[in-house]
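Remarks on the structure that follows.
The values are calculated or read from the model by the stated rules, or taken from the named source; none is laboratory data. Just so it is clear, the model here is predicted, and its values are computed rather than measured. A quick note on method: Cβ atoms are made from the backbone with ideal geometry, for glycine too, and the neighbour counts reach across all protein chains shown. Surface areas here come from the heavy atoms of the whole protein model, side chains and all, with no ligands, DNA or RNA. Shrake-Rupley method; radii C 1.70, N 1.55, O 1.52, S 1.80 Å.
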Amino acid sequence: MKQKTVYLCSECGYEAPKWYGKCPSCGAWNTMSEFKVQPESAARGTNTFQRGASRPTLLRDIESGDETRFYSGIGELDRVLGGGAVHGSFVLVGGEPGIGKSTLLLQMCQEMCKSARVLYVSGEESLRQIKLRAARLKISSPDLYILAETDMEQIISETEMLAPDILIVDSIQTVYKRDLTAAPGGTTQIKECAMSLMQYAKNKNVTIFIVGHVNKEGTLAGPKILEHMVDCVLYFEGETTGPFRCLRAAKNRYGSTNEIGVFEMSDHGLVEVQNPSAAMLAGHPQGASGNCIACVMEGSRPLLAEVQALAAKTQFGVPRRTAAGVDYNRMVLLLAILEKRCGLFLSSSDVYVNVVGGMRLDEPAVDLPMVLAIASSFRDKPLPEGVMSFGEVGLTGELRAVSNAAQRINEAYRLGFHTCIMPMQDIDEELTRSMNIVRVKTVADAIRAVL
Ligand code: TYD
Ligand code: MG
């Protein structure tokens, strides 16, 4: 039977019968790649779901059983998973190479293999390398099975023989199916291999973790096209040069996607950061211009972080702008607001913004601290000590209310801050007793209040 060819977008997974330079669904350029669909009869041979075997059932008649979970013993990971890994779930752990995905999963095995049978399949490292890593991480689990293999059929047949409760495949880019002509790591191989694993997970009720590498632009074929297939997508982020790593759920069928887990990479692997705010603020310079403490909400937790800015006179040509840890376009917009609404002429200054510790702050509440850090650097005047802020900035330079103000203020108070610059919004009067709350209407007022 003739093989059918379709084209898949590596950004959004859109499927089209012909190639497009620009994806008709998400608009990304050069992301469509060829994907060969197995002929119907061959596909049916490997497909373990039987056609006609499923019938419509009344919701009330479906027996769900108890939702049982495996616990990793790593509190931050269990929380991001929504309280442990659900039996039979399919979890994708994505992140840049070298961020610590293999380390995290190996550390997770330590606890899990006490109560479950765990198989760790590595397509990247040899058995010896894994043993050395485990020794470094002080993992001494006698009951952890390791397989160094990249051939998918081999992996499935070994897995069937061992019948583990948890299977880890590190990484989906290195495994391949022999009957496909495409190279490992390509869209076709990734999709087919993930499909086989998913069917295995659902049929045998095995919890599967797969690792997927993403590059800086997030364009590497892989995690994006798998997102719709899996139950849970965790992204491991952070600057590989910095110590902090942040685990974020981008999708979770069994929990909230707001939670994050914060880790620090040490000589002995990843260590949970119990008090991220304090860790982020360690080494915060006192009396230096160009920084402001922000309080953002990460899931249900408030997190304090230091936003730094440097505004320096442009030496030639177009001014440079770089943003690390904050959205670049948001920064450019705030610069325009500062220029237009506050009379800060930044158009002849290079501006660099950075969030200390390698965290990414995407919440609009980081607008005001960013503006204050930039203004402080531009005027070369430090903010008074003990000041923190949060608030969203609108296009007219007005400050807009943000959620969870009380939680943010309490966290700042706990860490020794005494003044909070925030938008005009109602808060519990009780809070004003412990903190000096300065409520401001516009960006210009905020700058006037502290600089
Ligand atoms: P790794 O888990 O191999 O990353 P990934 O699987 O996402 O590619 O992590 C590799 C990095 O972590 C490497 O740069 C070294 C660092 N690392 C430590 O700092 N301490 C450790 O104990 C370990 C195991 C790794
Ligand atoms: Mg790895």
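Observations on the structure shown:
- Loop trypsin sites (Lys or Arg not before Pro), segment 49-115, which have at most 16 other Cβ atoms in a 10 Å radius of their Cβ (DSSP): 51
- Spin-label pair residue 163-residue 63: with each label point 7 Å from Cα along the Cα-Cβ axis, the two points sit 1.9 nm from one another.
- A Förster distance of 30 Å, applied to the separation of the beta-carbon atoms of residue 241 and residue 29, puts the FRET efficiency at 0.55.
- Dividing the helix sum by the residues of the chain, where each DSSP H run of 4 or more adds -39500 (n - 2.57), gives a mean residue ellipticity at 222 nm of -8500 deg cm²/dmol.
- Taking the C-alpha atoms only, the angle from helix 405-414 to the longest principal axis of the chain is near 80 degrees.
- Cys residues of the chain counted as unpaired, since no other Cys beta-carbon is under 4.7 Å: 109, 113, 193, 232, 246, 292, 295, 342, 420
- Proximal charge balance of residue 320 [Cβ under 12 Å; K/R count +1, D/E count -1]: +1
- Cut-off 13 Å between beta-carbons: net charge of the residues surrounding residue 394, Lys and Arg +1, Asp and Glu -1: +2
- Ratio Rg/Rh [Cα only; Rh per Kirkwood] for segment 342-451: 0.95
- Chymotrypsin sites (Phe, Trp or Tyr not before Pro) within segment 294-351, DSSP loop, no more than 10 other Cβ atoms inside 10 Å: 316, 345
- Between the amide H of residue 146 and those of 120, distances stay under 5 Å, these residues lying 5 or more places away or on another chain, with hydrogens modeled in the peptide plane.
- Residue 284 contributes an accessible area of around 50 Å² to the protein surface, as traced by a 1.4 Å probe with all chains present.
- Here the accessible area of the chain is 51 percent carbon and sulfur, with a 1.4 angstrom probe and all protein chains present.
- Scalar couplings 3J(HN,Hα) for segment 361-367, obtained by applying the Karplus form with A = 6.51, B = -1.76, C = 1.60 to θ = phi - 60°, are 10, 9, 6, x, 4, 7, 3 Hz; x denotes Gly and Pro.
- Surface accessible to a 1.4 Å probe, per residue, for the residues of the chain, Å²: 47
- Phi-based couplings in Hz for segment 115-127 (Karplus 6.51, -1.76, 1.60; Gly and Pro marked x): 10, 9, 8, 10, 10, 10, 9, 10, x, 10, 10, 7, 4
- Model label sites at residue 401 and residue 380, defined 7 Å from Cα along the beta-carbon direction, differ in position by 4.1 nm.
- Residue 357 sits among other residues whose Cβ lies under 14 Å from its own Cβ, and their net charge, with Lys and Arg +1 and Asp and Glu -1, is -3.
- Cα long-axis angle, helix 187-204 against the chain (0 to 90 degrees, to the nearest 10): 70
- Loop-located trypsin sites (Lys or Arg not before Pro) in segment 124-230 (DSSP state not H, G, I, E or B) with no more than 15 neighbouring Cβ atoms inside 10 Å: 138, 178, 216.
- Computed from the Cβ-Cβ distance with R0 of 60 Å, the FRET efficiency linking residue 151 to residue 429 stands at 0.35.
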